[in-house]
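In what follows, a single structure is set out as structure tokens and then discussed.
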Amino acid sequence: MIKRRPHLLWLLVPYVLFVAALPFVNRGIFLFFWLLGATVLTPLAVGLAHRGDRKRAETRAEGGRS
């Protein structure tokens, strides 16, 4: 599925920022700013994935192969 829709990799950004990176940034106030940044970047990553899906749908509607 990822080979056909690589834009969905953007959806890994929130996971990595919130879950995978927490052991590395668990240092007091830095953690607050890390989570704040992750919260701000999450809608951006979801929007980029949505934009990729929309482009793919438009291409398929025009008769292109995708």
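The values are calculated or read from the model by the stated rules, or taken from the named source; none is laboratory data. All of these numbers come straight from a predicted model, not from anything done at the bench. In this analysis, Cβ positions are derived from the backbone assuming ideal geometry, glycine residues included, and neighbour counts consider all displayed protein chains. To get the accessible areas, we keep the full protein, side chains included, count just its heavy atoms, and leave off ligands, DNA and RNA. Shrake-Rupley method; radii C 1.70, N 1.55, O 1.52, S 1.80 Å.
See the values below:
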quantity: Selection from region 1-15 of residues that are of a type outside the set (Lys, Arg) and surrounded by 10 or more Cβ atoms within 10 Å (Cβ to Cβ); calculated: 6, 7, 8, 9, 10, 11, 12, 13, 14, 15
quantity: Residues of region 16-66 classified as open to solvent by less than 70 Å² (accessible area, probe 1.4 Å) and outside any helix (DSSP H, G or I), total; calculated: 5
quantity: Residue satisfying all of: in region 40-66; at pLDDT 90 or above and among the aliphatic types (A, V, I, L, M); farthest from residue 7 (Cα to Cα) among these; calculated: 40
quantity: Where a residue in region 29-48 is in contact (Cβ under 8 Å) with a residue 24 or more places away in the chain and its partner, wherever it lies, is assigned to a helix (DSSP H, G or I), with Cβ under 6 Å and at least six apart; calculated: 38/17; 38/18; 42/14; 45/10; 45/13; 45/14; 48/10
